[in-house]
Amino acid sequence: MEGRTYTADAEPGDEVTVAGWVHEKRDLGGIAFLILRDTSGKIQVKFEKDEMDDDLVETGLDAHRESVLSVSGTVKEEPRAPTGVEVVPESIDVLAAADPELPLDPSGKVDAELPTRLDNRTLDLRKDEVKAIFEIRAEILRAARDTFRALGCTEINTPKIVATGTEGGTELFPITYFGEEAFMNQSPQLFKQLMAGSGLERVFEIGPIFRAEEHNTPRHLNEAHSIDFEGAFCDHHEAMDAAEAVTTAAYDAVAENCEEQLEALGMAEEFDVPDGDFPRLSYEEALERINATGELDEHLVWGDDLSTEAEHVLGQEVGEHYFITDWPSEVKPFYIKDHDDDEELSTGFDMMHPRMELVSGGAREHRHEKLIEGFEQQGLDPEEFEYYTKMFRYGMPPHAGWGMGAERLVMTVLELENIREAVLFPRDRQRLSP
């Protein structure tokens, strides 16, 4: 909008045009106030009724909350105003009138349940604390990209419509693709490995993934975003270093650049940045520590996956970000490489927040014969993945990588109770619109 001034930039003595939403109004008889809100903040508009044109006053004060106005006038210093200044209007245009009945209250004075908020996300994001989540999310993704570039990675974009699932199974969304069956991709795993074997060597991607999750929990989604890394000539230790670097960079960036947003969320005084030296526990050590607490009904034994309850118990015990390494080969996907000196033990790892898993990764099997064996052991037909397996016959270097849930990262950084709060328009078992 030509000539527009953001409310945060309005200084006493300026002649400005500010534009935004009617946040609230106060009519005190001979004098009235309108609070106008834009993305930068709020500003008070003052109406002295006896000294102003009746039509001007009527236009401003008749506008319902959340109507969009353009106000032109002079900025005056006013210590009693919410931001220390106010606009004395000379003209007001109603750019878009709002209905008097709103499905939720953007001022936040009246709480709304999460389903109502998600049904009316546009209104919901007019609240400072909700807007802050997505401004912080953007900063986290910026920090991740900068960290990957510092690690020598090239950003890539891989297909989201595929002929075969990354890992097979029931978590696939089938679609019809010009008369043929296809699927929404669960992960960029196979494609990013192929790129690690190309001249790019080190790559990353931040993009959507699709999983037909049966779970309908506060931490599961059917459409999520994955932060992925894959590096040629990297082992699982270097991959863990990269995951640690991206995570700590996210916290550092939020602490350094999002003070206003943390204040809106009530976190400015207590936001802790991890020190970047995450403990690395073997799977065997993890089982021992969980069992030693006595919190579970049954002892975990070798080969058990960790339930949500087990993760919670171990998270409470460790009390910070940590890795679980050296998982049994049988519980990790076919593309995870085993240790050279012990085929029962994989190089697979998970990076955990005390509340939940954030990252799954490991060194990859780069030897063609071993890769084919892995397919067969997990009941998958290698011929269905020939586009992937054949490239391992043409010089595939050792490589390692991981995938991190972007929403889970935001959720844990901001201590959100439900992962849907970190998504603009969530997709889950019940929600396909908006």
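Only the coordinates and a few stated rules stand behind these numbers; no lab work does. Keep in mind that this is a model prediction, so the values were computed, not measured. Heads up, the Cβs are rebuilt from the backbone with ideal geometry, glycines too, and the neighbour counts pull from every protein chain shown.
Worth pointing out:
- Scalar couplings 3J(HN,Hα) for the stretch 320-333, obtained by applying the Karplus form with A = 6.51, B = -1.76, C = 1.60 to θ = phi - 60°, are 7, 4, 7, 10, 10, 10, 6, 6, x, 4, 5, 9, 10, x Hz; x denotes Gly and Pro.
- Between the stretch 59-91 and the stretch 383-434, the alpha-carbon center distance in angstrom: 46
- Taken over the stretch 7-96, the percentage of Cα pairs per 10 Å bin, counting from 0 up to the bin with the maximum distance, is 19, 59, 23, 0.
- FRET E, pair Lys109, Thr83, Förster distance 25 Å, beta-carbon r, rounded to 0.05: 0.85
- Taking the DSSP beta bridges with both ends in the stretch 7-96, the antiparallel portion is around 95 percent.
- Set of the stretch 289-326 residues, backbone N closer than 16 Å to the point 7 Å along the Cα-Cβ line of Asp275: 318-323
- Our summary gives the stretch 289-434 a relative contact order of 17 percent, counting only alpha carbon pairs under 8 angstrom and 6 or more residues apart.
- Proximity of backbone amide H atoms, modeled 1.01 Å from N, is registered between Ile175 and Ala182, Phe183, Met184 at under 5 Å, excluding neighbours fewer than 5 places apart on the same chain.
- DSSP beta bridges in the chain [antiparallel fraction, %, rounded to 5]: 90
- Ranked packing of 391-400, 176-185, 219-228, most packed first, by mean Cβ within 10 Å: 219-228, 391-400, 176-185
- Counted by Cβ distance under 11 Å from Asp119, the other residues give a net charge of +1, where Lys and Arg count +1 and Asp and Glu count -1.
- Rounded FRET efficiency, nearest 0.05, which uses the C-beta distance separating Glu48 from Leu432 and R0 of 56 Å: 0.65
- The stretch 384-393 - phi-based ³J(HN,Hα) in whole Hz, Karplus 6.51/-1.76/1.60, Gly and Pro as x: 6, 10, 4, 4, 8, 5, 5, 5, 6, 8
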